[in-house]
1. Kindly check whether there is at least one residue in the stretch B:177-189 that is surrounded by fewer than 21 Cβ atoms within 10 Å (Cβ to Cβ) and of a type in the set (S, T, N, Q).
2. Using beta carbons and a limit of 6 Å, which pairs, at least six apart or on different chains, have the first residue in the stretch B:223-249 and more than 14 Å from B:Met45 (Cβ to Cβ) and the second one of a type in the set (D, E, K, R) and surrounded by fewer than 16 Cβ atoms within 10 Å (Cβ to Cβ)?
3. Take the residues of the stretch A:30-41 that are among the aliphatic types (A, V, I, L, M) and touching a residue at least 40 places away in the same chain (Cβ under 8 Å): which is nearest to the other protein chains (Cβ to nearest Cβ)?
4. Any residue that is facing another protein chain (nearest Cβ under 10 Å), within 25 Å of B:Leu164 (Cβ to Cβ), at pLDDT 90 or above and part of a strand (DSSP E or B) - is there at least one of those in the stretch B:86-100?
5. Of the numbered conditions (1) more than 14 Å from chain B (Cβ to nearest Cβ); (2) outside any helix (DSSP H, G or I); (3) surrounded by 17 or more Cβ atoms within 10 Å (Cβ to Cβ), A:Pro143 satisfies every one except a single condition; which is it?
6. Looking at this structure, is A:Tyr102 in contact with an Asp or Glu (Cβ under 9 Å, 6 or more places away or on another chain), assigned to a helix (DSSP H, G or I) and within 14 Å of chain B (Cβ to nearest Cβ)?
7. On the basis of being touching a Gly at 6+ places or on another chain (Cβ under 7 Å) and either of a type in the set (S, T, N, Q) or buried (at least 16 other Cβ atoms within 10 Å of the Cβ) (or both), does B:Ile230 make the cut?
Amino acid sequence: MHRSIGFYLRIYGKILVQDIKSKMSYRSDFIISTIGMICTNIAGFVSFWILFQNFPSVDGWSYYEMLFLYGFSLVSLTPVQCLFDNNWSLRIYVYSGDFIKYCFRPINLFFYYQSEIFDIKGLGQLAFGIGTIVYAWAKLGLPVTVLMILKMIVFLITASLIMIALQNAAAATCFWIQNSFYVLDLVFRFKDYAKYPITIFSPVFRFIFTFLMPIAFIAYYPSLVILRPDEIPLLSWLSPVIGLVFFFLSYKFWMYGAMKYSGTGS
Amino acid sequence: MSSIQIKNLTKQFKVLNRHEGLKGSIQDLFSRDYKTVTAVDNISMTVEQGEIVGYLGPNGAGKSTTIKMMTGVLEPTSGEIIVGDVVPYRNRTKLAQEIGVVFGQRSQLWWALPLIESFRILKDIYRISDENYNAMMDFYRTQVDIEPLLHKPVRQMSLGQRTLSDILAAFLHDPKIVFLDEPTIGLDVSMKAKIRTLIHALNQEKNTTVILTTHDMGDVDALCRRIVIIDKGKMLYDNDIAHLKGFFGSYRTLKVRMDGDLQAHAEEIRKEVDFSVSADEEWISILVDEEKEKVLDVLGRLQHTHNIRDMQLEEISTEEIIKKIYEEGVE
Amino acid sequence: MNLKKYLTLTRAGIIESLQFRLSAFIMVIGNMLYLIVVYFLWKAIYASVGNEPINGMSFYDTLIYLVLATALSGFMEMYTVWEMGRNIQSGKIVLDLLRPMEYRKYLFWSYSGSFVTQFFFTFLPTFIVVAVLTHGAIPLGINLLYFVISVVMAVSINYSIDFIVGTICIYTESIWGINIMKQVVVMLLSGATVPLAFFPETLRKVVSCLPFQSIYNAPLTLLLNGDPDPAYVLQTLGIQLLWVVVMLLAGKLFWRVSLRRITVNGG
C-alpha cells in the first residue's frame, strides 16, 4: 500500500517528540551525556588547533581550508549519529529473535526500525560543525551567495548519505555473521579519517578511500565544490549521485538481510 | 465468510551443512552443500471469521513457521494461502493493516513511552479515525482498569501489565484477525484469567478471528472450541475439543495417593499396568482406557500390591489428550 | 552419551576461538588502517616543513609515538567505569563488597589477565611493525627498562583515574556521559592524540602539572630517548611515582566517602 512522504514525516515527528520527552525525564543523564558530547567535539577541535600551531599548512591546504573540511565532516556525520543510531542495536535484536516484532506493521520496515531511536546528543555536533564551517568560510573570504549556500546544503546532505550507507551495510552483516559488532565498529572508525584531504595519501590508498571505502566522499570531494571552485574534479560533481546510489544500495542490502532473516529465524 | 484459507501448504528450508574451523567457515561462505528440512508439510484448513482456534503442537512442530506464512513474513514453498482477502507474502503491508500480532514475551510497544503515547502513534500508523479510536478506548475502559496503565512507560510495567497492553495495542485498529503467541506465558493465575477474559470479550464484541498458540491448556479450555494440532510439520488433528474428548471417551484418569516416594511407586505401577503413569507431589495419575480394562479392576489389582490411602476418578483432561496425541497420534 | 557432552564443549570452544580469530583479524585491519592514515598524515605534515624535526621530534619519532600510544591505550582500557557503573546501577556491587578483598583490588586483578593477551596480541606486534617500518628508529638500550617501569606506573595512575571516575557513578546514572568525558580528557591531556611536545608553551606548562601526562607522554618520551640524561629520567619517574601515590590515596578516600552512600541507601 502506498504511503506518502508526509505520512512518514508525521509519524517520525510524533515518535521524535515523545522520545525526547522521555529522555528529558532522565535529566541528569541527559545533561551529562550532552556535556560529554560537547567535550568530545571541543577536544577534537583543540587537537586540531594544537597541530596547526606548529604547521602553517599541510600538503598545500591552509589552516582554514583544513578547518572547513573538519567542519564539513562534522556536519555530514551528524545524520548517521542522530537518525540511524538504532543500527547499533540491530545485532542484539537479531540474536535474541526480537527483530521479528518489527515485521508486522503496515509501514516500511527500515523506516519503522530506524525511527525508534533518535540520538539527540548528535545535535551538539551539528551546532559545532556549522559554527566551524561558518568561521572557516568567513576567514577564507568565500563569497556568500544563495547559489553557494544551496550547493553547500545539497552537498552536505548527499555526503551524509555515504556514512549512513556504510553503517547500514555494516549493521546488516549481522543477518549473516555473528561478530558483526567488530565490522560495525571498524566502519565507525572510518569516520575519523574523513576529515583529511585525500591528496595526502599515496595513489593506492587514494583509490581505496575513493572507491572501496568511499570515505573521501564524506568531506573531501564535496568540499572541493566550495573550496576550489576553479579546479573541481568530476568526482566532486558526482558525489551527490554517489551518495544517493550508495544509500539506496545499502537500504536494499539491509532489507534483503531483514527479509532473509525473518524467513529463517525461529 | 472465511477468514483464513490454507490449502496444501508446505514450507521447506534449505539448511547449510556447516563446516567447522576457520577453513570451514570460509568454505561455508561459498558452499552449496544444502540439506532440505520440511518445517510445514501439506497442511490445509479453513478458519471462519470470528472463530478462536487453538493452534497447538510441541516446540519445533512448525507452529511459528505457519504463523509467519499467515502473517506474510515468510513465503510458502508450495500450496495456497489466503488471509483476509489477500495472499499474505505478496501484500505484507496491506495485510498488516488487517491483522494484529502479540508475542507473549516480546513487547512491540515503544519501551520508553507511556502506553497512551504508543497508542497515539499506532493510531497514526494504522490511520485509525478519531471516532473509531475513541470508541475502542471506551470499550477498553469497560473491560480492564486501563487508566493506571496509560501513563506508565512500558519498561516500568510488570510482565502481566505489558502483555495486557500488547493485547490492547494489537486490537486497537480493529483487525480482522489477531495472532496470539503464548499470551499467558510466565503470568500468575489471576493475570492469566484476566487476559483470557479480555481476549474472549474482544472476540465477542468485534467478531475478531483469533489464532492462539499456547502450551497452556487452561487457555485452550477457556477460549477455544476448535483446536488444530500439528507435529513435525504435519497436521494431526483439526476439530472441536468436545469431539476430541468424545474420541477419548473411554479414558478415565485414576488418581491414587499413597505413602512414601511417589515417583518410586509410579515406577513400580508402570510395570504392573499397561497405561501411562505419572506422578506429582500429591497424586499418582493413571490414564486408563476402559475398553481395555475397567478402572475398578485396575484399582483392585493395585490394592494388592500397594497401600492406597486415597483415590479420585476424573474425566480425561485436555492436557492429557494433547499429550497422548503428541505421543501416539490420532488413529 | 557422556562423550557427546564433551564434544559439545569442544565444538563451543572451536566456535569461540573462531569468533576470537575473526574479531582479532578485524581489529588488526582497523589498527593497520589507523597506522596508514597516521603515517600519510604526518608524512604530509612533515613534508610541508621540509622534513625537519619539529619541537625535537622527527617524523619517525612522531610516528612511533602516536602508534605506540594507540597500542598502549588498548592496554589501559580496562572498562573499569562501565563495569563499576553497571554494578552500581544493578545493585550487584553489594555482592562484590562482600568479597574478602578490597573492591578496587578485586576489580583490577579480575581484569589483569587481559594484560597478557593484550601485550602479545596487540602491543608486541605493533611494536615490531613500527620498529621495522621506521628502519630501527626505536633505540634499543637502557631506555627499554625505563619504558617498562614507566608503563607499570602509568597503568596504575590510569586505573586510579578510572576508579575515581567509576566512583562518580554512585552519584549519577549517566555511565555513557561520564565515561566519554573521562576518555576525551585523558586522551587529549595525556598526549595520546597529539604529543605534548607540540602543545603551545602555556598549555604544556598547565598540562605538565596534571597527572594525565604521566600516562602516555612519560613512558613514550622515555622510550624515544636512546641516550637519556639520568637527571631527566629520575625526574620523570619521580613525578610519575608521586602521581601513583596521590591518585591511589585520592581514589581510596573518595571511594570510602562514597561507599557510605551505598550502605545508607541500601545499594
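The values are calculated or read from the model by the stated rules, or taken from the named source; none is laboratory data. Since the model is a prediction, treat every value here as computed from it, not as a measurement. Every residue, glycine among them, receives a Cβ derived from its backbone with ideal geometry; neighbour counts consider all protein chains shown.
1. no
2. Sorted first by the residue in the stretch B:223-249, then by its partner, the pairs are B:Arg225/B:Asp240.
3. Here the residue is A:Met37.
4. Yes, some residue in the stretch B:86-100 is facing another protein chain (nearest Cβ under 10 Å), within 25 Å of B:Leu164 (Cβ to Cβ), at pLDDT 90 or above and part of a strand (DSSP E or B).
5. Looking at each condition in turn, A:Pro143 falls short on (3).
6. Values: in contact with an Asp or Glu (Cβ under 9 Å, 6 or more places away or on another chain): yes; assigned to a helix (DSSP H, G or I): yes; within 14 Å of chain B (Cβ to nearest Cβ): yes.
Taking the combined requirement at face value, the residue satisfies it.
7. Answer is yes for this residue.
Per-residue answers, yes or no, for (1) crowded, with 17+ Cβ neighbours inside 10 Å; (2) in contact (Cβ under 8 Å) with a residue 40 or more places away in the chain; (3) among the aliphatic types (A, V, I, L, M):
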position	(1), (2), (3)
A:Asp85	yes, no, no
A:Gly97	no, yes, no
A:Arg105	yes, no, no
A:Phe118	yes, yes, no
